[in-house]
Every structure is written in C-alpha cells, then in structure tokens.
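Student: Before I ask anything, here is the structure I am working with.
The values are calculated or read from the model by the stated rules, or taken from the named source; none is laboratory data. Small disclaimer: the values here were computed from a predicted structure and weren't measured. No Cβ is skipped: glycine too gets one built from the backbone with ideal geometry, and neighbour counts run over all protein chains shown. The protein model used for the area step is the full one, side chains on, heavy atoms only, and it has no ligands, DNA or RNA in it. Shrake-Rupley method; radii C 1.70, N 1.55, O 1.52, S 1.80 Å.
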Amino acid sequence: MASKAIGIDIGGTGIKGALVNIRTGELLSDRVRYETPAGGRPEEIAQVVKRMVNELPKIGSRTPVGICFPAVVQHGVTMSAANVSKEWIGLDADALFTRELGRKVHVINDADAAGVAELKFGAAKNRKGLVLMTTLGTGIGTALFINGHLVPNAELGHLEIGGVDYESKASFAAKERENLDWSAWAERLQTYYSRLEALLSPDLIIVGGGVSKNHAEFLPKLRLKAQIVPAQKRNSAGILGAAWAAADRHIDD
Ligand code: BGC
C-alpha cells in the first residue's frame, strides 16, 4: 500500500483536499478549499478538482487520488444525487476524474470515507463489532462497519420515520432551516438514533459533520443503549478516508 495519497472531499457547498500520510493520518499539506460550483454539475466539479490537485504538492504519477462524494457510489459509479445535480446519477465518476486528472482516481461515498477515517485514525480505531458512523450536515450520511470491514453505501440518512425521509428533519441543515434550538434538535436526533438502534443494535455510534464540534450541546441529551461519541477527525475525515481508500483499492472492488 502506498504511504501517501491525495484525498478530496466534495460536498454540497465546498470541495476540500490535501495530501495525506495514510499510515499516520497526518496531513502533509495545507488543506485547500474551493466553493462547489452552483448546481453541482459533474464537468464543473471535475474542473475544480483538477485545479486543486495541481495546487497540491508535486506528487508522483502513481500517487493514489481518492475522492469522496455525497451519493451512493458503486464501484466508482455515482448512483444517486440527494443534494447535488441529478446528472451524477449513473455516471462513471471514477472514469470522469481519471480522464480529467490524467491519473487513476477512486471515488467513494462521503460518509463511508468519514467512517474509514474514524476507523483507521479516530474514534473507532481498533474497535470490533458493529460501528455506525453518522455525519450530520446538509444531509445525513451513514457508514456501517462490522469488525473493521465497511459495508458500503448504507443510506440510513433516508430512513423513513412517520412517513418522512428523516434526513429532512434531523440533518444539521434542518436545524438551521427551522431555527431549532439544541434541545428541539436533540429530540429529533433521539427519534432518529433510537430507530437506528432498534434496527441495528450497534456497539458504537459516531457523530461527525461540522456540527460535531458542538457535541457538548446535544450528545449528552441523547439516551441510547450504545455508546455515542463525537468524531475525532471532523473537517478532515472525508479527505483522510478517501485518501486511505484510494490506496487500499480493494475496499469496495
Ligand atoms: C446522501 C448520502 C450522503 C449523505 C451525506 C445523503 O443525502 O444520500 O449518499 O452520504 O447525504 O452527504
């Protein structure tokens, strides 16, 4: 496995990237960030990613590049588009970025990448059993690990509760949109995590996404059987996980 890889995290609002030491999880460069082009269309995003890779420290032609993206990504093909352009549905994203960057690129789901980062370098390091990663942002991303192995593309953010896609109620975007205070939002999180717990009985739940830096405001309000902890890698989790997965290609091949 290579010791360095570039990780790029494509989100609804920003695209972040860095060179990563995938043995230690340290960033070997500054984090570069660009706005996601309005509309989130494939060609325009690919252009931004290309500019970003050119700005990162010079790398060898075989240095892996990993990208994470907010959609179901099956073997490099984006299969959904909850908060980005519908043009991504059915698109061979591995091929698009490989063509644009002129080097091999591997794309995975953003929550899967964040979970890999926590498993390798953060809150779930060396944890066995069933680990459930959740990211609370524009949407709700989820990743499932059994004894350290990823079950890719769990889309549990879209769990229907009371007839609604619960991402629309419990994401951080929903908190902002509806001006919910921490207690009101925590009630929704309680509903959401209780349902997940009833369905899956995880041993550990990790809460990531930008808002996890404010975990003291809402995690202590939740009553669950499983241990629930904040993510440790936060802002860099997607970058780290995407880089690691690109270096360890067999993760979803
Ligand atoms: C998407 C997931 C993604 C999550 C977080 C959801 O709306 O369906 O694929 O992981 O948002 O970005």
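Student: Using the beta-carbon distance between Arg33 and Arg177 and R0 = 30 Å, what value does 1/(1 + (r/R0)^6) give for FRET efficiency, to the nearest 0.05? Don't skip to the end; give the middle numbers.
Tutor: On the way: r = 24 Å, r/R0 = 0.78.
Efficiency, from the Cβ-Cβ distance: 0.80.
Student: Take the Cα radius of gyration of the chain and divide it by 2.2 N^0.38 Å, with N its residue count; two decimals is plenty.
Tutor: For the chain, the normalised Cα radius of gyration comes out at 0.95.
Student: First measure r as the distance between the Cβ atoms of Ala184 and Arg62, then evaluate 1/(1 + (r/R0)^6) with R0 = 45 Å and state the FRET efficiency to the nearest 0.05. Before the final figure, lay out the partial values.
Tutor: On the way: r = 50 Å, r/R0 = 1.12.
It comes to 0.35.
Student: Can you compute the FRET efficiency between Arg103 and Gln227 using 1/(1 + (r/R0)^6), with r the Cβ-Cβ distance and R0 = 41 Å? Round to the nearest 0.05. Don't skip to the answer; put the middle values down first.
Tutor: Numbers: r = 40 Å, r/R0 = 0.98.
Efficiency computed from Cβ-Cβ geometry: 0.55.
Student: Please arrange Trp182, Trp88 by accessible surface area, largest first, computed with a 1.4 Å probe and ligands excluded.
Tutor: Result, largest first: Trp182, Trp88.
Student: Please list, in order along the range 112-118, the HN-Hα scalar couplings obtained from phi with the Karplus expression 6.51 cos²θ - 1.76 cosθ + 1.60 (θ = phi - 60°), rounded to whole Hz, x for Gly and Pro.
Tutor: Karplus values, whole Hz, x for Gly and Pro: 4, 5, 4, x, 4, 4, 5.
Student: Shifting gears a bit: Once the other residues with Cβ under 10 Å from the Cβ of Lys104 are scored (Lys, Arg +1; Asp, Glu -1), what is the net sum?
Tutor: Working: positive: Arg62, Arg103, Arg249; negative: Asp94.
For residues surrounding Lys104, the net value is +2.
Student: With Kirkwood's inverse mean 1/r over C-alpha pairs for Rh, give me the Rg to Rh ratio of the range 199-253, two decimals please.
Tutor: Working: Rg = 14.1 Å, Rh = 13.1 Å.
When Rh is taken as the Kirkwood radius, the ratio is 1.08.
Student: Averaging sequence separations of C-alpha pairs under 8 Å and six or more residues apart, then dividing by the length of the chain, give the relative contact order as a whole percent.
Tutor: Numbers: 568 pairs, mean separation 58.4, N = 253.
This gives 23 percent for the chain.
Student: Could you list, in their original order, any pairs among Lys16/Lys50; Lys104/Lys125; Lys50/Lys104; Lys128/Lys225 whose Cα atoms are separated by more than 20 Å?
Tutor: Values: Lys16/Lys50 12 Å; Lys104/Lys125 28 Å; Lys50/Lys104 13 Å; Lys128/Lys225 17 Å.
Beyond 20 Å: Lys104/Lys125.
Student: Roughly what % of Cα-Cα distances in the range 26-90 sit above 18 Å, to the whole percent? Could you put the intermediate results ahead of the total?
Tutor: On the way: 932 of 2080 pairs.
Tail of the P(r) past 18 Å holds 45 percent of the pairs.
Student: What's the carbon and sulfur percent of the chain's accessible surface, probe 1.4 angstrom, rounded to a whole number? Intermediate values should be presented prior to the final figure.
Tutor: Values: 5330 of 11200 Å².
Of the solvent-accessible surface of the chain, carbon and sulfur hold 48 percent.
Student: Given 20 °C and 1.002 mPa s, how large is the Stokes-Einstein diffusion coefficient of the range 123-231 in µm²/s, with Rh as the Kirkwood radius over Cα pairs?
Tutor: Values: Rh = 13.8 Å.
Taking Rh from Cα pairs, D becomes 155 µm²/s.
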